[in-house]
Every structure is written in C-alpha cells, then in structure tokens.
Amino acid sequence: MTRPIVNKWRQRFRRLRLAGLKDAARSGKPATVTASQKAMVIQKACEKPDGGYTHWSQRRIGQQVGISQTKVQQILKKADLKPYKIEYWCGKSPDPEFEQRMFNIVGLYMNPPENVIVDNLAIHKYKKVKEWLAGKRKIKLHFTPTYCSWLNQVEIFFNMLSKDVLKGGVWKSVEQPSAQLIEYIKTYNQTKAKPFAWTYTGNLLSVS
C-alpha cells in the first residue's frame, strides 16, 4: 500500500469518522433491471413457452422481458432456476388427484406421523404387497402424484447415494456394489443421518 493511499483514507477518517471508511458512491450506469422485470424472468422460467418451444432459453427470456441475456443469467442463478428443467421439476402431472395428493404429502412432512410415503411405481400396488399390508394395520401408504416422485424426500437421499457411491464406480461383480451400498448406508446412519428439514415456507420467490 502506497503513502498517498494511506493519506487519503486518513483524511477521510478525520472528516467523516467511521462513515469515511466505507466505499464512496461509484460513478457509472445505474441498475436498469426493475423488480417487475425480475419477477417476469422468474415467471417465464417457471412456465412452458408458447410457439412450439419445449423450454425457454436465457436469450429468448431476455428478448421477451427487454433485458440482456447476462442479466437473465444473473437473476436465474440467484433464484436457482433452470428453465430447461421446467418439465422435469415443475411439469404438469396428468394425475387427476395431483393437488389432493400433493397437499397430503406436504402435510405429512409438516407433521409427520408413522407412515410410509411411496411413489406410484406399479410394484407398490402388486397383489402380494397389498396382501402383506392388509395384515399391518399400523402401516399406511401415501402415494405421491403421478410423475411427481420429487415430492418424496427420500429422493434427496437417493441423489446423495448416487453421487457418493454409484457415479464413477467400477465393479467386477454384482456382489461388490451391493456390499458397498450396504456399507455406505451403515456409515451414513452412524455419521450423518437426520431428518431432512422442509424449508419452503410457501412464500413467493424473492425478486430482490
């Protein structure tokens, strides 16, 4: 640090005290993206576009909203949204009971009783499974809506297991991955296992 810089900050401190140690307002072009435009970017990223497009691109969102692609990228990154995954995460379920089942699953996480949440895989409705459940009065299955297994928080664990164990794994027999999976689950239960916290409050995404 040079002597002129030290003198500059000493003089600012003498004149303004602690306030003088803060960065002064910088010259340059002011922010041009309004809160309304930010909201429009988030809205479009969460809906399917018209005109035969499968998903939005950042460039087309920028053209629609009237801002640059760079600004769109910054807004989406801050909101942790990916327009190309709209159908994967927010896609329309064909399940006619979607809303009822969705509220049921969310309610279970907010006030969890002793139960089992499963997706709509056919094996869960298999005759032998139904016969076994018939004799287990304390066990009740709650099904996620069709194509909405993401509502089941066990998917979070499956994602962790996939990244920690399966991705990049090389095995020479069926027994090897089976043994590794069991070992991983035991280690996880002993060192990291705890209930996943449902953190979404129902509030709209921030556009600040």
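Quick note: the coordinates plus some simple rules give every number you see, no bench work behind them. Worth saying up front: this structure is predicted, and the values here are computed from it rather than measured. Backbone-built Cβ (ideal geometry, glycine too); neighbour counts: all protein chains shown.
A few comments on the model shown:
- Loop chymotrypsin sites (Phe, Trp or Tyr not before Pro), region 115-199 (other Cβ atoms within 10 Å of the site Cβ: 15 or fewer; DSSP): Y126, W171, F196, W198
- Modelled FRET efficiency - R0 35 Å, R14 with T70, Cβ distances, 0.05 increments: 0.30
- At q = 0.18, 0.21, 0.29 Å⁻¹ the log10 of I(q)/I(0) for region 35-88 amounts to -0.48, -0.66, -1.26, computed by Debye summation with a single uniform scatterer per C-alpha, solvent ignored.
- Non-local Lys pairs in region 35-88, i.e. 8 or more apart or on different chains, that have alpha carbons under 13 Å apart: 7
- A simple packing score, the average count of other Cβ atoms within 10 Å per residue, orders the peptides 69-75, 48-54 as 69-75, 48-54, with the highest score first.
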